[in-house]
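Asker: Take this structure, written in structure tokens, and hold onto it; I'll ask about it next.
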Amino acid sequence: MQVVRLASETDLAGWRAAARNLRAAGVPPEAAIWTVDGDASLFAGEAGPAPTPGDRPFTVPREFVDLAGQVILHRSDERFSLLYRLLWRLQGEPSLMKISTDPDVDKARLFARAVSKAFHKMKAFVRFRTAGDEQGEAYVAWFEPAHRVTEATSPFFVKRFANMRWSILTPDVCAHWDTETLTFTPGADPADAPQADALEDYWRTYYASIFNPARLKVAAMQKEMPKRYWRNLPEAGLIPELIAKAEARTSEMVRQAPSEPERRIVKAAVRASRDAPYDGQAPGSLAEIAAGVQVCRRCDLWRDATQGVPGEGPRQARLMFVGEQPGDQEDLAGHPFVGPAGQVLDKALAEAGVPRAETFVTNAVKHFKHELRGKRRIHQTPNAGEVSACRWWLDHERSIVRPRVVVALGATAGLSVFGKPTPIAKFRQQALQLPDQAQGVVTYHPSYLLRVPDAEAKAKAYAMFVEDLKFAWTLAA
Ligand code: URA
């Protein structure tokens, strides 16, 4: 096996050089493994082939070169090997690219079409919001392209908005233009983009003014503006109403002459944007965290969850409870520990004499991880990567609330709070020092108490849980 490590997900130059070397060294497609640097350690110790000196130059059709430039931007993990298979086959089948029925050619064209579509959607649906810093006004957009087209699309935005300072933030990579130089930085979180601004009124007014009810074709409109892009589009909120009123507006339009777009709104928006600069800082309040987790893309759990569930409780609580993640009911309600585990927690808190209303209750992970079995959503334990991605929110909750004591409920919370596995049987009833001066306590997760099969063992574990809650409350006093 030959392992190739590419510098990035869109490293076409790296792919080309490696593919040339592999082909020259006679490495068949099935013997090549393509990785990007991030997962290179999986194959540590293996090396790529050395180029063969004096190898005959091998030319490929122009169509293949162009296709490769697009295919490489597709999100499929298969893209590097698919391209290498085509390159390899081109040696013996120089007309391969003309055979549209060939499965490899067909798949590559399919990938290229999807990328080209993503490219056009990005050009159409990026919406900048106003931002600013000491250097003056700037614009920031959050966008989630269907494929990795950000770098390829950026020159279009440079040309179009040459005199503006702007950044386009995406989960893959961020593009920045300072009116002279285009630069790229690693992917970002939507919480890093300004959430709303007055320019959105402009977009809404503009969109409403160009919307022609007489030409309404709902299916075509949704095809052009797929729902996956709606949440970033200020004008999307208008669509249902505009559709509903389309018929009435059509007859009204027949009677009325077209009106000017409302310039007054544009002016007001520009003025307001100067007064409300975006400072790009981390969340500074619990309200910002609550808003931030709703748009968090630090890991993939948001995709299947109903909503993010932030922590709740007084801003100055002395005691903080950290659970694992919202369960089925918490995911629907948007509040932590309101389902069966929450009832166990409430009962034990009451027995321990701890008023829940004076504590802050949160979770290590803010979205519900589950799998569907029939119609049931079955809890799945978040993995270390998800816990670590979500720790950003927990850390901010901790730095805002600054509790004296943080209680980790169960092993996942223990991993998040202490940064390492903290076996409960070994560490319960101990005050463990945390780096931010708070004391840490670890105890059972309420769901565990529900699962203990033996009645006697269950009662014993529950009694220990109540003891641990008392211990933590006394420590926080
Ligand atoms: N389990 C948890 O860990 N947290 C909740 O909010 C609910 C169940």
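Asker: Among the residues of segment 303-314, how many are away from the ligand (no atom under 16 Å from the Cβ) and either modelled with pLDDT under 95 or in contact with a Pro (Cβ under 7 Å, 6 or more places away or on another chain) (or both)?
Answerer: Counting residues in segment 303-314 that are away from the ligand (no atom under 16 Å from the Cβ) and either modelled with pLDDT under 95 or in contact with a Pro (Cβ under 7 Å, 6 or more places away or on another chain) (or both) gives 2.
Asker: Taking the criterion of being closer than 22 Å to residue 349 by Cβ, surrounded by 15 or more Cβ atoms within 10 Å (Cβ to Cβ) and away from the ligand (no atom under 12 Å from the Cβ), would at least one residue in segment 368-390 satisfy it?
Answerer: no
Asker: For segment 422-447, what are the residues that are assigned to a loop (DSSP other than H, G, I, E, B) and not aromatic (Phe, Trp, Tyr)?
Answerer: Those that are assigned to a loop (DSSP other than H, G, I, E, B) and not aromatic (Phe, Trp, Tyr): 422, 423, 428, 429, 430, 431, 434, 435, 436, 437, 438, 445.
Asker: Within segment 329-366, which residues are assigned to a loop (DSSP other than H, G, I, E, B) and at pLDDT 95 or above?
Answerer: 336, 337, 353, 354, 355, 364, 365, 366, listed by residue number.
Asker: Could you check, for segment 287-304, whether at least one of its residues is buried (at least 20 other Cβ atoms within 10 Å of the Cβ), within 19 Å of residue 376 (Cα to Cα) and not assigned by TED's automatic domain parsing to the domain that holds residue 387?
Answerer: Yes - at least one qualifying residue is present in segment 287-304.
Asker: State all residues of segment 25-37 that are surrounded by fewer than 18 Cβ atoms within 10 Å (Cβ to Cβ) and out of contact with any Phe, Trp or Tyr (no Cβ under 8 Å at 6 or more places or on another chain); if no residue qualifies, say none.
Answerer: Within segment 25-37, 25, 26, 30, 31, 36, 37 qualify.
Asker: Quick test of your reading of the structure: residue 88 fulfils all but one of (1) farther than 18 Å from residue 21 by Cα; (2) under 38 Å from the mean Cα position of the chain (by Cα). Name the failing condition by number.
Answerer: Here residue 88 meets the rest and fails (1).
Asker: Under 7 Å between Cβ atoms, at least 6 apart or on separate chains: pull out the pairs that start in segment 141-162 with a residue that is without any contact (Cβ under 8 Å) to a residue 60 or more places away in the chain and assigned to a loop (DSSP other than H, G, I, E, B) and end on any residue that is surrounded by 17 or more Cβ atoms within 10 Å (Cβ to Cβ) and small (Gly, Ala, Ser).
Answerer: Listed by first residue and then by second, the contacts come to 145/118.
Asker: Please indicate, with yes or no, whether at least one residue in segment 433-447 is within 15 Å of the ligand (Cβ to nearest atom), assigned by TED's automatic domain parsing to the domain that holds residue 399, surrounded by fewer than 16 Cβ atoms within 10 Å (Cβ to Cβ) and in contact (Cβ under 8 Å) with a residue 60 or more places away in the chain.
Answerer: no
Asker: Cβ-Cβ distance below 8 Å, separation of 6 or more or different chains: which pairs start in segment 408-419 with a residue that is near the ligand (Cβ under 8 Å from one of its atoms) and end on one that is assigned to a helix (DSSP H, G or I)?
Answerer: 409/345; 409/446; 410/424; 410/447; 410/448; 412/387
Asker: Can you confirm whether segment 316-328 contains a residue that is buried (at least 16 other Cβ atoms within 10 Å of the Cβ) and part of a helix (DSSP H, G or I)?
Answerer: yes
Asker: Separate question: Determine which member of the set 387, 407 is β-branched (Val, Ile, Thr) and in a helix (DSSP H, G or I).
Answerer: 387
Asker: Mind checking which pairs have a first residue in segment 308-324 that is among the polar types (S, T, N, Q) and a second that is more than 13 Å from the ligand (Cβ to nearest atom), Cβ under 9 Å, 6 or more apart or different chains?
Answerer: From residues that are among the polar types (S, T, N, Q), the pairs are 316/401; 316/402; 316/403.
Asker: All but one of (1) crowded, with 18+ Cβ neighbours inside 10 Å; (2) touching a His at 6+ places or on another chain (Cβ under 9 Å); (3) at pLDDT below 95 hold for residue 73; state the number of the condition that does not hold.
Answerer: Checking residue 73 against (1) crowded, with 18+ Cβ neighbours inside 10 Å; (2) touching a His at 6+ places or on another chain (Cβ under 9 Å); (3) at pLDDT below 95, the one that fails is (3).
Asker: Can you list residue pairs whose Cβ atoms sit under 6 Å apart, with the first residue in segment 18-40 being under 16 Å from residue 6 (Cβ atoms) and the second being at pLDDT 90 or above and among the polar types (S, T, N, Q)? Count only pairs 6 or more apart in sequence or on different chains.
Answerer: Qualifying pairs under 6 Å: 34/81.
The values are calculated or read from the model by the stated rules, or taken from the named source; none is laboratory data. If you're wondering where the values come from, they're calculated on a predicted model, not measured in any experiment. As a convention, Cβ positions derive from the backbone with ideal geometry for all residues, glycine included, and neighbour counts pool all protein chains shown.
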